[in-house]
Amino acid sequence: MECRVSEGFASLGLSRETMAAVARGKLGLPTPLQMKVIPPALLGRDIVAVSASGSGRTTAFLLGLIERLGNLAGTRALVLARTKQRLAEIHEHFDVLADGRGFKVTEILPGGSLSAQENELRERRHLLLAVPQRLTEHMDKGAVNFSSIEMVVLDAADDMVGDGLLPQLKRIVTRLPPRRQTLIFTETLLDSLSIFARTYLRDPILIEVASSEMRPARDEAPEPSAASKAPARVARLKAVARAAAAAKASGAAKPVAGAKPKPAAKPKPASKPAKAKPASKPGAKPAKKARAKKP
């Protein structure tokens, strides 16, 4: 196994310390995604990587991130993810790959104490793991210092966009130093993510790994919830967007996929011409004249 590790990951340009961590983690050979992402990540390039869950994306961005941290002080890297469960997985894997390097981590998760998290943010630990909603809360209070951030990772970006977190992502990245490195990992390259990448990334590289290229990664088991629910949610969002665009173009509203069609309105009968009313009915008493009031 040691030989296979050196033949695979060693060709990617990793340091001896990181290679020792890879060997301790028994990661085996790198996955196709890791082979494509790690070399340009080590060069500081911005990347948009499209691949399914279970392709080894955690190792793909953590190895470059750990190399970027080096021996520098301050918060150097930020990883944004959709749920605290996913951040816990990233933190656990980081501890394996960065074992013995002395790096410290701050987690900004929903449900935790704001004051305790503010104290951790003041320590400016090397790596900041956060969900966008809670991080923007701390930003509103002026508790976050992004001045030393060199690298930001958006994990499962399509899931975050599907949950309506695109405004928070934009707020966060606009506060980061302009010369930072940005890595986006997504299962589906949504139009909104393409626009985001063109707006906030610097000459990004697009990396795509087809399902036929994939093999299971040792560091990352497929996530049933993300793999099964996220594509369905994305499909629904696309259907809604297509229906809205078509309705706007044609000037007529079209039903959204899954909605029950309304019954067609019955045509109203043509209105009949109004009959002229007779001046007075036969035998009707003449109308009384209004009496003038006496002065």
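The values are calculated or read from the model by the stated rules, or taken from the named source; none is laboratory data. All values reported here derive from a predicted model rather than from experimental measurement. Cβ coordinates were reconstructed from backbone atoms using ideal geometry, including for glycine residues, and neighbour counts include every protein chain displayed.
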May I ask you to list the residues in region 127-145 that are touching a strand residue (DSSP E or B) at 6+ places or on another chain (Cβ under 9 Å) and aliphatic (A, V, I, L, M)? Leu127, Leu128, Leu129, Ala130, Val131, Leu135, Val144
Which pairs have Cβ atoms under 6 Å, sit 6 or more apart or on different chains, and link a residue in region 174-201 that is at pLDDT 95 or above to one that is acidic (Asp, Glu) and not in a helix (DSSP H, G or I)? Arg180/Glu150; Thr182/Asp46; Phe185/Asp155; Leu201/Asp46
Among residues belonging to region 14-59 that are touching a strand residue (DSSP E or B) at 6+ places or on another chain (Cβ under 8 Å) and at positive phi, point out the one that is surrounded by the most Cβ atoms within 10 Å (Cβ to Cβ). Gly56
Applying the selection to region 177-189, what residues are of a type in the set (A, V, I, L, M) and surrounded by 19 or more Cβ atoms within 10 Å (Cβ to Cβ)? Leu183, Ile184
The one condition in (1) at pLDDT 95 or above; (2) surrounded by fewer than 19 Cβ atoms within 10 Å (Cβ to Cβ) that Lys141 fails to fulfil: (1)
